[in-house]
Amino acid sequence: MSATSSTSENPGRSPCGDALEVLSHGHEQTRALADECRRFAHHVQCDPAMQQVAEALCRAIHRMAALEEELFFPAARAALEASALVDIAELEHATARQIIRQLRETDPREPRYEALVLALTECVERHARHEQGELFPRLRESGLDMEALGQQLNERLSAADDGSARREERRHAVRAAAH
């Protein structure tokens with residue numbers, strides 16, 4: 001998978017209606033970017049392509065985290081008696097954001113950059129395993145309306161895609177005008 005493919009840039013974009021399927025699809029896409037980062041990190045040093053993939057991974061994480069934090073976590077909290085599973089997922093998001101901040105402050109030519117990329121990929125894997133292995137099964141049993149939540153998630157993804165496309169068009173126009 002390439003960092004420029006539409007699924008890499010738009011994780012979570014899925015024809016699925018069920019909320020857990022939408023999020024699982026987003027996890028798959030984010031994991032694919034994490035795998036690509038690991039391949040670069042273990043075989044090539046200071047490759048600009050690794051930085052591009054890492055940046056795509058950061059965007060994907062921000063996108064999915066926002067979706068989960070705004071819509072999914074509140075619904076999960078309301079549906080489950082104990083919210084420890086949601087608390088763990090939120091802590092994983094905070095950890096990913098902290099790693100991303102450090103990554104953006106680090107020169108890609110420094111060895112620390114690769115270490116941060118690898119830490120971020122591990123965070124992605126841990127988060128997806130936790131949600132899909134523990135949180136999602138509990139929610140399936142909870143009676144939460146997954147179809148309605150899935151519709152909300154898909155609507156939010158579509159709105160985010162529209163905004164991203166407009167920002168990308170403006171960036172291209174600015175670059176073209178500068179040359």
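If each residue of separation counts as 0.36 nm, what is the full-extension length gain between Ala159 and Glu55 once their alpha-carbon separation is subtracted?
Length gained between Ala159 and Glu55: 35.3 nm.
Taking the Cβ of Glu147 as the center, what net charge do the other residues with Cβ under 12 Å away carry, scoring Lys and Arg +1 and Asp and Glu -1?
It works out to a net charge of -3.
Farthest toward the dipole's positive end in the stretch 29-139, which of Ala82, His127, Ala34, given Cβ charges of +1 (Lys, Arg) and -1 (Asp, Glu) about the Cα centre?
After comparing all options, I get Ala34.
Take the solvent-accessible surface of the protein heavy atoms, probe 1.4 Å, and return the percent of it on the stretch 76-161 that carbon and sulfur atoms account for.
On the way: 2270 of 4620 Å².
The nonpolar share, carbon plus sulfur, comes to 49 percent.
Please give the charge dipole size of the stretch 52-95, origin at the Cα centre, charges +1 on K and R Cβ atoms and -1 on D and E Cβ atoms. Round to the nearest 20 debye.
That gives a dipole near 160 debye.
Label points 7 Å out from Cα along the Cβ direction at Glu69 and Glu81: separation in nm?
3.0
Dipole of the stretch 21-109 (Lys/Arg Cβ +1, Asp/Glu Cβ -1, origin at the Cα centre): which of Val22, Ala56, Ala96 lies farthest to the positive side?
Ala56
The values are calculated or read from the model by the stated rules, or taken from the named source; none is laboratory data. From a predicted model like this one, the values you see are computed outputs, not experimental measurements. Reconstructed Cβ throughout: ideal geometry from the backbone, glycine too, with neighbour counts over all protein chains shown. Areas reflect the complete protein model, heavy atoms only, side chains present, ligands, DNA and RNA absent. Shrake-Rupley method; radii C 1.70, N 1.55, O 1.52, S 1.80 Å.
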